[in-house]
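Undergrad: Pasting a structure below so you can have a look.
Taken together, the values in this text are just the output of simple stated rules run on the coordinates, not laboratory data. Just so it is clear, the model here is predicted, and its values are computed rather than measured. FYI the Cβ positions are ideal-geometry reconstructions off the backbone, even for glycines, and counts take in every protein chain you see.
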Amino acid sequence: MSSIVQGEFAENESATEGAATVSTEQSVAADSTTRPDSTHRQDPEHPIHENDPFAVAPPAPIPPKETLTAAGDILRALAAPVRIAIVLQLRESERCVHELVVALGVTQPLISQHLRVLKAAGVVRGERNGREVLYRLVDDHLSHIVVDAVAHAEEGRNL
């Protein structure tokens, strides 16, 4: 009987083992039903195919803990509907507090509170212009996250 060793067939089909000879087709069929365990090492001569449902993908690289913590802080800062709306407004152009009050229909103290959270998280920055402070996004990366999240939420509603 053939023995299967890491995806290859041993040419050890002797009748002295007392087993029947197995055809190559039967061996291949038997091999396709066996599942490699987590310790299975890939044979470099026979790479795992992308569509192999039993293939174990290598782990994705993980950034340092500090980076993950900072990313979590940013996502928490964006986790309020008013702050999402502020980011969408600032994506179009820089704005002062009273412009955001009019655009979003909420009170000035509420806008100021949300801007403080966004500023502390490094999402927005303010620049004094006379008696007003103009707020703008620090960069476009975060606006892309917000736009994608809004689009995803709208797609879910339309199902």
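Undergrad: Could you give the nm distance between label points at Ala149 and Val106, where each point is 7 Å from its Cα heading toward the beta carbon?
TA: Going by the 7 Å Cα→Cβ label model, 1.3 nm.
Undergrad: Grab the other residues whose beta carbon is less than 12 angstrom from that of Leu134, score K and R as +1, D and E as -1, and report the net. Don't skip to the answer; put the middle values down first.
TA: Values: positive: Arg95, Arg125, Arg128, Arg131, Arg136; negative: Glu94, Glu99, Glu127, Glu132.
So the environment of Leu134 carries a net charge of +1.
Undergrad: Continuing with this model, one more query. Where Rh denotes the Kirkwood radius from the mean inverse Cα pair distance, what is Rg over Rh for the stretch 80-159? Walk me through the numbers before you get to the answer.
TA: Numbers: Rg = 13.0 Å, Rh = 13.0 Å.
That ratio is 1.00, to two decimals.
Undergrad: Under Stokes-Einstein, with the Kirkwood radius over Cα pairs standing in for Rh, what whole-number D in µm²/s applies to the stretch 117-159 at 37 °C and 0.692 mPa s?
TA: Values: Rh = 12.2 Å.
Diffusion coefficient, whole number: 270 µm²/s.
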